[in-house]
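Q: Below: one structure in structure tokens.
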Amino acid sequence: MAKKKVYGVKNGKIPGVYQTWQECEKQIKGYSGAEYKGFSTEDEAKIYVYGTTLEPSSESEKKKSKKTLEEKGKTPPMSNNTIKDPNILKAYVDGSYNLKTHEYSCGVVLLLNGKELLFSKKGNAPHLASMRNVAGELLGAQYAMAFALKNQGKFKELWIYHDYSGIEMWCTGKWKTKQAGTAAYKNYYQEKIRGNIDVRFKKVKAHSGDRYNDKADELAKKALDL
């Protein structure tokens, strides 16, 4: 008998752990830059997707985790995208999710005129929690837009750096908004931001050593005590 597999989707329409290939395929089909992997146990899949929400399940995983932490302890390189430009507000956003509490969170790093502003927040609205860390990603992007709107006139453009494609795709209409959370996010952008703030979406690779992307991820996890 073939060994049952579970699938972890780290980067897809809705990242998470899926029990069948059919469920997994729905999240990655047509998704640019999808990251996914099959595992023999659910714990291994959760570690792959959520990182710090669970302890490594084997000695080899512990060694791998330790090596990753040691590497992260080194001073990361400054992003090429963080030049000081007084006409641009830059926002790095990320999200996280706690499997045990069903809470989601966001982390946001705002850069303007050489100043660095940090923000994090958690939420647990049931209709959003089902989206897991994606809910946090959207919360972070919307906060950046709200901040830009409140400080309108102090810069010419808002650049949102994100590692989840939906941040841009739902705003631009390239992805359909099939859930209440994504629909509300798109509506906020269409009704409040578009036409008032010039937004540029910048896709960055997750966990690639980008200082501010890593900082946003850290803030999101800290909000959930992960």
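The values are calculated or read from the model by the stated rules, or taken from the named source; none is laboratory data. Computed from a prediction, not measured in an experiment: that's the story for all the values here. Note that each Cβ is placed from the backbone with ideal geometry, even for glycine, and that neighbours are counted across all protein chains shown. These area figures cover heavy atoms from the full protein model, side chains too; ligands, DNA and RNA do not enter into them. Shrake-Rupley method; radii C 1.70, N 1.55, O 1.52, S 1.80 Å.
Q: Does PHE147 meet the test of being open to solvent by less than 50 Å² (accessible area, probe 1.4 Å) and modelled with pLDDT under 90?
A: no
Q: Answer yes if at least one residue in the stretch 191-203 is in a helix (DSSP H, G or I), among the aromatic types (Phe, Trp, Tyr) and open to solvent by less than 70 Å² (accessible area, probe 1.4 Å), and no otherwise.
A: No, there is no match, as no residue in the stretch 191-203 is in a helix (DSSP H, G or I), among the aromatic types (Phe, Trp, Tyr) and open to solvent by less than 70 Å² (accessible area, probe 1.4 Å).
Q: All but one of (1) touching a residue at least 24 places away in the same chain (Cβ under 8 Å); (2) under 22 Å from SER32 (Cβ atoms); (3) part of a helix (DSSP H, G or I); (4) open to solvent by 50 Å² or more (accessible area, probe 1.4 Å) hold for THR182; which doesn't?
A: (4)
Q: Let me ask something else. Within the stretch 7-29, count every residue that is free of Cβ contacts under 8 Å to residues at least 12 places away in the same chain, open to solvent by 80 Å² or more (accessible area, probe 1.4 Å) and either within 18 Å of GLY166 (Cβ to Cβ) or of a type in the set (Ser, Thr, Tyr) (or both). Steps first, please.
A: Narrowing the stretch 7-29 to residues free of Cβ contacts under 8 Å to residues at least 12 places away in the same chain: 22, 25, 29.
Next, from what is left, pick out any that are open to solvent by 80 Å² or more (accessible area, probe 1.4 Å): 22, 29.
Still in the list and also either within 18 Å of GLY166 (Cβ to Cβ) or of a type in the set (Ser, Thr, Tyr) (or both): 29.
Selection size over the stretch 7-29: 1.
Q: Please go through the stretch 98-154 and give me each residue that is closer than 16 Å to ALA184 by Cα and small (Gly, Ala, Ser), ordered by number.
A: Within the stretch 98-154, GLY123, ALA125, ALA129, SER130, ALA135, GLY136, GLY140, ALA141, ALA144, ALA146 qualify.
Q: Any idea which of VAL134, VAL109 is touching a strand residue (DSSP E or B) at 6+ places or on another chain (Cβ under 9 Å) and not in a strand (DSSP E or B)?
A: VAL134
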